[in-house]
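Peer 1: Once you've had a glance at the structure underneath, I'll fire off some questions.
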């Protein structure tokens with residue numbers, strides 16, 4: 001541990017930053033719903049007050065491909081072979097948000113303290129899975145209760161690896177693991193997760209030697 005330093009007569013205690021690598025294994029299917037290029041363009045056009053065309057016919061395959069976070073270069077018009085060969089991810093910040101929310105289920109750590117005590121490195125974490133994502137069709141309610149169909153990517157079996165940096169002066173490695181374990185059971189990630197009254201996106205921290 002580094003010794004405390006002094007600045008203008010003020011003693012600065014050293015931060016105790018530690019790194020922990022966690023493997024999270026899915027306990028229920030993961031449903032993703034990224035903002036598609038089409039949806040982003042529609043929002044940009046609306047903000048810029050551009051004229052819009054009439055409502056286009058729904059394209060389930062395009063909606064499915066647009067629902068996922070591509071780590072590989074995404075073709076303009078992905079094929080089934082493109083999806084099978086591609087690498088996909090999920091926002092790293094979603095895992096931190098789940099762990100912070102999980103503080104409401106355990107004692108001793110507030111949400112404010114947790115936000116400051118640890119970080120999940122990177123912007124995206126890669127989804128590891130034994131098979132490519134499948135397309136699921138769901139009926140959703142939009143606007144004033146109007147029914148609509150949504151086509152999204154789903155992984156039945158999945159895992160991710162997180163690199164977590166935490167301040168050992170505020171939280172122990174055991175507390176970090178417990179927080180993510182609780183997050184996987186009580187909060188989850190993705191669409192229809194427990195936090196949103198659904199059963200999807202649950203996970204647990206892998207134990208020694210445990211694999212998907």
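The values are calculated or read from the model by the stated rules, or taken from the named source; none is laboratory data. Just so it is clear, the structure is predicted and the values come from calculations on it, not from any experiment. Glycine also receives a Cβ, built like all others from the backbone with ideal geometry; neighbour counts cover every protein chain displayed.
Peer 1: Restricting attention to segment 137-146, does a residue exist that is at pLDDT 95 or above and part of a strand (DSSP E or B)?
Peer 2: Filtering segment 137-146 for residues at pLDDT 95 or above gives 137.
Still in the running and part of a strand (DSSP E or B): 137.
Yes, segment 137-146 contains a residue that is at pLDDT 95 or above and part of a strand (DSSP E or B).
Peer 1: Also, quick follow-up: Regarding segment 113-131, can at least one residue be identified that is surrounded by fewer than 17 Cβ atoms within 10 Å (Cβ to Cβ), over 20 Å from residue 151 (Cα atoms) and free of Cβ contacts under 8 Å to residues at least 12 places away in the same chain?
Peer 2: Among the residues of segment 113-131, not one is surrounded by fewer than 17 Cβ atoms within 10 Å (Cβ to Cβ), over 20 Å from residue 151 (Cα atoms) and free of Cβ contacts under 8 Å to residues at least 12 places away in the same chain, which makes the answer no.
Peer 1: Can you list the strands (runs of 3 or more DSSP E) found entirely within segment 1-40 that contain at least 2 residues being at pLDDT 95 or above and at negative phi? Step through it out loud before you land on a result.
Peer 2: Details: elements: 5-7, 10-12, 17-26, 30-32.
Because the criterion is at least 2 residues that are at pLDDT 95 or above and at negative phi, the strands (runs of 3 or more DSSP E) in segment 1-40 that meet it are 17-26, 30-32.
Peer 1: So, residue 72, is that one farther than 27 Å from residue 174 by Cα, at pLDDT below 95 and surrounded by 12 or more Cβ atoms within 10 Å (Cβ to Cβ) or not? Break it down stepwise before answering.
Peer 2: On the way: farther than 27 Å from residue 174 by Cα: yes; at pLDDT below 95: no; surrounded by 12 or more Cβ atoms within 10 Å (Cβ to Cβ): yes.
No: the conditions fail for residue 72.
Peer 1: Can you tell me which residues in segment 150-180 are in a helix (DSSP H, G or I) and more than 15 Å from the chain's Cα centre (by Cα)? Talk me through it step by step, then tell me what you get.
Peer 2: At the first step, the residues of segment 150-180 found to be in a helix (DSSP H, G or I) are 173-180.
Matches in segment 150-180: 173, 174, 175, 176, 177, 178, 179.
Peer 1: Let me ask another. Considering only segment 60-81, how many residues are within 13 Å of residue 152 (Cα to Cα) and either more than 20 Å from the chain's Cα centre (by Cα) or in a loop (DSSP other than H, G, I, E, B) (or both)? Write out each step before concluding.
Peer 2: Step one: of segment 60-81, the residues within 13 Å of residue 152 (Cα to Cα) are 60-69.
Checking which are either more than 20 Å from the chain's Cα centre (by Cα) or in a loop (DSSP other than H, G, I, E, B) (or both) leaves us with 60-62, 67-68.
Result for segment 60-81: 5.
Peer 1: So, of the residues in segment 194-212 that are in contact (Cβ under 8 Å) with a residue 40 or more places away in the chain and under 25 Å from residue 112 (Cβ atoms), which turns out to be surrounded by the fewest Cβ atoms within 10 Å (Cβ to Cβ)?
Peer 2: Top of the filtered list is 195.
Peer 1: Let me ask something additional. Within segment 157-167, is there a residue that is crowded, with 18+ Cβ neighbours inside 10 Å, touching a helix residue (DSSP H, G or I) at 6+ places or on another chain (Cβ under 7 Å) and at pLDDT below 95? Full working, then the answer.
Peer 2: Residues of segment 157-167 crowded, with 18+ Cβ neighbours inside 10 Å: 158-160, 162, 164, 166.
Filter once more, so that each one left must be touching a helix residue (DSSP H, G or I) at 6+ places or on another chain (Cβ under 7 Å): 162, 164, 166.
From what is left, the residues that are at pLDDT below 95 are none.
No: segment 157-167 contains no residue that is crowded, with 18+ Cβ neighbours inside 10 Å, touching a helix residue (DSSP H, G or I) at 6+ places or on another chain (Cβ under 7 Å) and at pLDDT below 95.
Peer 1: Tell me, which residue of segment 188-207 that is assigned to a helix (DSSP H, G or I) and over 19 Å from residue 92 (Cβ atoms) is modelled with the highest pLDDT? Even if it seems obvious, please write down each step before you answer.
Peer 2: If we filter segment 188-207 for residues that are assigned to a helix (DSSP H, G or I), which is where we start, we get 194-196.
Retained after the next criterion (residues that are over 19 Å from residue 92 (Cβ atoms)): 194, 196.
Working: 194: 97, 196: 94.
Filtering segment 188-207 for residues that are assigned to a helix (DSSP H, G or I) and over 19 Å from residue 92 (Cβ atoms), the one modelled with the highest pLDDT comes out as 194.
Peer 1: Does residue 210 qualify as being assigned to a loop (DSSP other than H, G, I, E, B), within 20 Å of residue 100 (Cβ to Cβ) and touching a strand residue (DSSP E or B) at 6+ places or on another chain (Cβ under 9 Å)?
Peer 2: Working: assigned to a loop (DSSP other than H, G, I, E, B): yes; within 20 Å of residue 100 (Cβ to Cβ): no; touching a strand residue (DSSP E or B) at 6+ places or on another chain (Cβ under 9 Å): yes.
So residue 210 fails the test.
Peer 1: Tell me, please, whether a residue that is under 28 Å from residue 80 (Cα atoms), part of a loop (DSSP other than H, G, I, E, B), out of contact with any helix residue (DSSP H, G or I) (no Cβ under 7 Å at 6 or more places or on another chain) and modelled with pLDDT of 95 or more can be found in segment 115-127.
Peer 2: Initially, segment 115-127 is screened for residues under 28 Å from residue 80 (Cα atoms), giving 123-127.
If we keep only those that are part of a loop (DSSP other than H, G, I, E, B) as well, we get 123, 127.
After this cut, where a residue has to be out of contact with any helix residue (DSSP H, G or I) (no Cβ under 7 Å at 6 or more places or on another chain) as well, the list is 127.
Checking the rest, the ones that are also modelled with pLDDT of 95 or more come to 127.
Taking every residue of segment 115-127 in turn, at least one turns out to be under 28 Å from residue 80 (Cα atoms), part of a loop (DSSP other than H, G, I, E, B), out of contact with any helix residue (DSSP H, G or I) (no Cβ under 7 Å at 6 or more places or on another chain) and modelled with pLDDT of 95 or more.
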